[in-house]
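Taken together, the values in this text are just the output of simple stated rules run on the coordinates, not laboratory data. This structure is a prediction, so every number in the text was calculated from the model and none was measured. Note that we place each Cβ from the backbone using ideal geometry, even for glycine, and neighbour counts take in every protein chain shown.
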Amino acid sequence: MAAAAATLLLRAAGRALLGRAAPLPRAERGISDCGGARWAPVRPGLPVPLSSPLAGLTRPIRIKEPPKRKPVDRWTKKRALFGVYDNVGILGGFQIHPKNLIMGPTWLRGWRGNELQRCLRKKQMVGDRMFAEDYHKLNKRIRYLYKRFNRTGKHR
């Protein structure tokens, strides 16, 4: 109990010796020259931060401009041919499916899948007509992908 009273007495004496100290500058959000808001000290008596142009500083503030719009090529192949087969069913009397108009290998027309599925499909559809070296490389790729898909990934 006596120790607590002595501590309070010492603090009061220390304050009396120091007198009334000037308050430390408060930290408030201010405007910085690097484009974002930052915490800056405030002048006593002024409601604005020191880094604000309203505080009388002559420091220039950089204002960022919005980014320039990129020119867009409206006639790329992808955009020009978008929806080109949408009317095949209407004009063709629904006799032909758009997947039959797609050019490319027969084992890939109108089909989706991963690489292993694609290789298996190719082997099934055109394996008997492939050259021996190509057929051997395809089988090697299938063996590698089979091991890989069974060891890793969401396919396990």
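Quick look at the values:
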| item | result |
| --- | --- |
| Estimated Rh, segment 76-156: Kirkwood, alpha-carbon pairs, angstrom | 15.6 |
| Total charge dipole magnitude, segment 65-145, about the Cα centre, Cβ charges on Lys, Arg, Asp, Glu only, Debye to nearest 20 | 280 |
| Relative packing of peptides 62-69, 102-109 - highest average C-beta neighbours within 10 Å first | 102-109, 62-69 |
| Note, ³J(HN,Hα) from phi for segment 117-127, Karplus 6.51, -1.76, 1.60, rounded to Hz, x at Gly and Pro | 4, 5, 5, 4, 5, 5, 4, 5, 8, 10, x |
